[in-house]
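The values are calculated or read from the model by the stated rules, or taken from the named source; none is laboratory data. Because the structure is predicted, anything quoted here is derived from the model rather than measured. Quick reminder, even Gly has a Cβ in these numbers, built from the backbone with ideal geometry, and neighbours come from all protein chains shown.
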C-alpha cells in the first residue's frame, strides 16, 4: 500500500508540474511551428555557416550550443571552424596558443579578458574545440574600440594606430539603416544623448563578419556563437556576409524568452530558421 501511495503521489506531482509549465524549452521553426531537436540536427548538414544567437545568461542556450557543436563536429570534423563574439581579435594569438596546447589553462585565463560566465558557459565549447583540434576564431572588435565609436562616432577611430586598426573591420564599412534591428537602435539613441549606439552595433557586426570571411577556409563550415541581436532576422553579421557572398548557405538559431512557451509570440516569428523558446522564469547563469 505504501508503494502504491508513493506512485500515486509521484504521478500527481508530475501531472501538476506539467500542467503548470510548458517545459524547459520548445523549438520552433521561423513560422512558429513546433519542431523536434532531430529536425534541427538534420538542418545542420550542407550548410556553410551556422549562427547560434544566444541570450548570454541563458543556460538552455549554452547547453544547446555545446550539443550542436558536438553534432557539427560529427558531421564535418576537421573542416569545422568555431567562432565567438565573446573573444576579441587582439586575443586571437592567446586563443590559438591555448587551443593548440602551447599555454596552460591557468595562463590563458590569467592573460585573456574573459567574460564573467566564461567558466560555466564558454569554457566547455573551447575545451571541446581543443580536444578535437578545431580552429577557434576571436571574431569581435576590441571592446575599447567599440566604446570609442559609441562615445565619439566613427571619425574618432581615424586617430587609432595602424596596429589597433588591424583588429577591426575597414573603417568605411556600410550601414543599412533600413534594417529593423539598426532602426530600433537608432530610435533608442534619442534617449541616450550624444551616443552612437547604432554605429557601435554595426561596427561589431561588420568586424565579426570581416574576420569570419577572412579566416574561413574553402570547404570549411563556420559555427558562430553570438548574442541573438547580432543575427536575428538574418540581419547584423549575416547581412554583411551576404553582401560578400549572396548565395551562401546559412542556418540561423535564435533564443527568445516568453512567460509561456506553448505558442511562439508573434514578435518572435521569423527571427531565425530555428527559435529556442525558453520560459522567462528560467534560472540565469550570471
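The table below lists the values:
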| item | result |
| --- | --- |
| Unique residue being at pLDDT 95 or above and surrounded by fewer than 16 Cβ atoms within 10 Å (Cβ to Cβ) when the list is 92, 127 | 127 |
| Residue within segment 232-248 that is within 18 Å of the chain's Cα centre (by Cα) and exposed (fewer than 15 other Cβ atoms within 10 Å of the Cβ) present | no |
| Total residues in segment 193-229, condition part of a helix (DSSP H, G or I) and over 14 Å from residue 182 (Cα atoms) | 9 |
| Residue match in segment 96-103 (condition: surrounded by fewer than 15 Cβ atoms within 10 Å (Cβ to Cβ), in contact with a helix residue (DSSP H, G or I) (Cβ under 8 Å, 6 or more places away or on another chain) and over 20 Å from residue 78 (Cα atoms)) | no |
| Pairs, first within 21 Å of residue 236 (Cα to Cα) in segment 182-199, second at pLDDT below 90, C-beta under 8 Å, six or more apart | 195/189; 196/189; 197/189; 198/189 |
| Members of segment 48-61 found to be under 21 Å from residue 205 (Cα atoms) and in contact with a strand residue (DSSP E or B) (Cβ under 9 Å, 6 or more places away or on another chain), listed by number | 48, 49, 50, 51, 52, 53, 54, 55, 56, 61 |
| Segments classed as helices (runs of 4 or more DSSP H), wholly inside segment 94-167, with at least 2 members that are over 18 Å from residue 208 (Cβ atoms) and in contact (Cβ under 8 Å) with a residue 24 or more places away in the chain | 123-131, 143-152 |
| Of the criteria (1) out of contact with any strand residue (DSSP E or B) (no Cβ under 7 Å at 6 or more places or on another chain); (2) part of a helix (DSSP H, G or I); (3) within 19 Å of residue 227 (Cβ to Cβ); (4) modelled with pLDDT of 95 or more, which one residue 186 fails | (4) |
| Selection within segment 266-286 - assigned to a loop (DSSP other than H, G, I, E, B) and either surrounded by 14 or more Cβ atoms within 10 Å (Cβ to Cβ) or in contact (Cβ under 8 Å) with a residue 40 or more places away in the chain (or both) | 269, 270, 271, 272, 273, 282, 283, 284, 285, 286 |
